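Nothing in this text is a laboratory measurement; each read-out follows from the coordinates by a stated rule. As the structure is a computational prediction, the values presented were derived from the model and not from experiment. Don't worry about glycine lacking a Cβ; one is built from the backbone with ideal geometry, like all the others, and counts go over all protein chains shown.
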Ligand code: UDP
């Protein structure tokens, strides 16, 4: 029968290896993309480092897991002690152990590698394997680093303002933090710019965004690299277009999710402030205290993710569970953002959190910490217009009163309502991008996936 025939065809489709940088903000979107490929019949093997694999609590059963070495098999970055030591060794040992793995596995058609690892592309090319580069950061940030790669922009910055094609004028506070740490240690700056060193050799260049969100830069990048595709938003489909039943979560995590949905279920619509600064950011005690006292004094309910490693910075005797607020060490963020009780999101503006909140219609208050977050915050505020940025004081702290004022503005003011409406419009466009593939010429998700299933 035709159905049977289709099934048979699916079974002999490609085997893709997926290699994210070992951090939640890279694994999540790449796993979500992998799930889309799986639905096309592609077999997926996730590759992570030996040190990181020890922390993985949950991997979907259909996805195979293999490991390579970053050179620090016991403790990864912590064992290395610095990004410099970690990345230098990872470049070398990673390439060697990836080569061994690719030679060991019998049938591999394609490697989807995190653009953070340009060496993975060299390995794939040497072995004659199709390679797709997956850019995990936002297009504006990619555009900035690409211009550095071209030699058109430098660190440290000499001008107060940066003007680049397709971007609003950026002040220092809007630029990625690595421009400012460059003089002291260029490691991370060189690392992120390195994404573009050999990218023109990739068979595909993928970015977790969608056409309506980043039109101009997508058009620009497609002119430069005809194999560029916007394949996002890579977030669970049950929260957007409901295509794949049960798909509500990222499923690959190093943290244990708390059960906070029941608590949210009892709260009125739009009444809860959700606060999370992602999987890596660390705050000093003073900032934690300002956030804690603001949430306690403010009139709204709150749900706050404080990772286990940060818990000791909470003010002494601060209540973790009350009618008013709940502190958890981790949650399923997409599910939380999709919950009707959430009224706003106080976020560090990691790209995944930014995209998730946009796609799930939640307005924001940005407290960017480092890396690309200040650029994401700028776009969130001035281009996509779904939130505000909390002003820092001279010590780079957002004070309790200031944050309280921001929360009231987003949750209660007329301006806040506009942000909510804008967020809801982005949600509609995100759903459209996923379900009909957005604009065809931008490389729609669906037509692209269809062809991707045939590689090899
Ligand atoms: N996340 C989560 N639960 C939490 C906090 C974060 O599931 O309690 C997820 C979040 O949905 C996002 C990722 O972890 O997908 C964090 O990535 P992001 O780029 O926002 O920030 P990073 O952790 O890289 O700084």
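Quick rundown of the values:
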| item | result |
| --- | --- |
| Computed lengthening from residue 395 to residue 54, 0.36 nm per intervening residue step minus Cα-Cα distance | 119.0 nm |
| Cβ-based exposure ranking for 83, 134, in which fewest neighbours within 10 Å come first | 83, 134 |
| Label point distance in nm, residue 223-residue 184, each placed 7 Å from Cα along Cα→Cβ | 3.9 |
| Stokes-Einstein D in µm²/s, Kirkwood radius over Cα pairs - segment 192-255 at 4 °C with 1.567 mPa s viscosity | 93 |
| Of all DSSP beta bridges in segment 32-178, antiparallel share, percent nearest 5 | 15 |
| Calculated log₁₀ intensity ratio I(q)/I(0) where the Debye formula runs over C-alpha points of segment 228-350, q = 0.11, 0.16, 0.18, 0.19 Å⁻¹ | -0.40, -0.81, -1.01, -1.11 |
| Ranking of 384, 225 by count of other Cβ atoms within 10 Å, fewest first | 225, 384 |
| Overall Cα dimensions of the chain, principal axis frame, Å, largest first | 60, 57, 43 |
| Mean Cα-pair separation over length for segment 97-150, i.e. relative contact order, pairs under 8 Å, 6 or more apart, % | 32 |
| At R0 = 30 Å, FRET efficiency that the Cβ-Cβ distance of residue 203 and residue 280 yields, to 0.05 | 0.50 |
| Per-residue [θ]222 nm for the chain (sum of -39500 (n - 2.57) over DSSP H runs n ≥ 4, rounded to 500) | -12500 deg cm²/dmol |
| Ascending count of other beta-carbon atoms within 10 Å, so fewest first, for 279, 435, 163 | 163, 435, 279 |
| The chain, relative contact order in percent, only Cα pairs under 8 angstrom and at least six apart counted | 16 |
| Relative contact order (%) - segment 168-290, alpha-carbon pairs under 8 angstrom, separation at least six | 14 |
| Separation of the residue 83 and residue 96 label points, Cα + 7 Å toward Cβ, nm | 2.5 |
| Simple label model, 7 Å out from Cα along Cβ direction - residue 266 to residue 245, nm | 3.2 |
| Using alpha-carbon coordinates, inclination of helix 414-435 to the longest axis of the chain, degrees | 20 |
| Antiparallel DSSP beta bridges within the chain, as percent of all bridges there, nearest 5 | 10 |
| Tilt relative to the chain, helix 400-412 - C-alpha long axis, 0 to 90 degrees, to 10 | 80 |
| Förster radius 56 Å - calculated FRET efficiency between residue 316 and residue 159, Cβ distance, rounded to 0.05 | 0.75 |
| Nearest 10 degrees, 0 to 90: helix 139-149 Cα axis against the chain principal axis | 60 |
